[in-house]
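Working notes, beginning with the structure itself.
Each value in this text was obtained by applying a stated rule to the coordinates, not by laboratory testing. All values derive from a computational prediction rather than experimental measurement. Glycine gets a Cβ as well: all are built from the backbone with ideal geometry, and neighbour counts include every protein chain shown.
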Amino acid sequence: MCTMTVDDQTDSQGRTRWMQGGNEPLCDLDGNTIMDSHQRVSRVTTAGYAPSIAKMVLMGYLPREMATAGTKIQVMYMNEYFPVTVVGTDGPFDPENTRLKGRGSGTP
């Protein structure tokens, strides 16, 4: 399971779109569907707005080699592509800045 954030929710007509997490395919930057070594399609399983970071957060399955923080991909929603950044296996919200300070979770 991988966490991602949507970089821009604006569709081609200027409307803000709110992904629902209902099986949307994840694609590379060329629009090709991402598949793992067994040819299983990568899809969004959960989506929701995160007010603490003011972005849509998606969760879904990606091949291990693509589940690296900072990887840029796309999600197809309502037949349009939206840019996505992989956060990794952690959540995007870090209220105590432990990642920024280089400390592990829960370490003083």
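Odds and ends about this structure:
- Those residues of segment 1-31 which are of a type in the set (G, A, S) and either surrounded by 14 or more Cβ atoms within 10 Å (Cβ to Cβ) or in contact (Cβ under 8 Å) with a residue 40 or more places away in the chain (or both), in sequence order: S12, G21, G31
- Taking segment 72-84 as the range and being out of contact with any Cys (no Cβ under 8 Å at 6 or more places or on another chain) and closer than 12 Å to D7 by Cα as the test, the residues that pass are K72, F82, P83, V84.
- All positions within segment 69-78 that are in a strand (DSSP E or B) and buried (at least 16 other Cβ atoms within 10 Å of the Cβ): I73, Q74, V75, M76, Y77
- Cβ-Cβ distances below 7 Å connect the following pairs, each with a first residue in segment 66-83 that is under 16 Å from N32 (Cβ atoms), a second residue that is exposed (fewer than 14 other Cβ atoms within 10 Å of the Cβ) and of a type in the set (S, T, Y), and a separation of six or more residues or different chains: E80/S12.
- Residue selected from segment 41-68 under the condition farther than 10 Å from M4 by Cβ and of a type in the set (A, V, I, L, M, F, W, C), by the criterion surrounded by the fewest Cβ atoms within 10 Å (Cβ to Cβ): A54
- Scanning segment 1-38 for residues that are of a type outside the set (A, V, I, L, M) and in contact with a Lys or Arg (Cβ under 7 Å, 6 or more places away or on another chain), we see that the one that is nearest to K72 (Cα to Cα) is T5.
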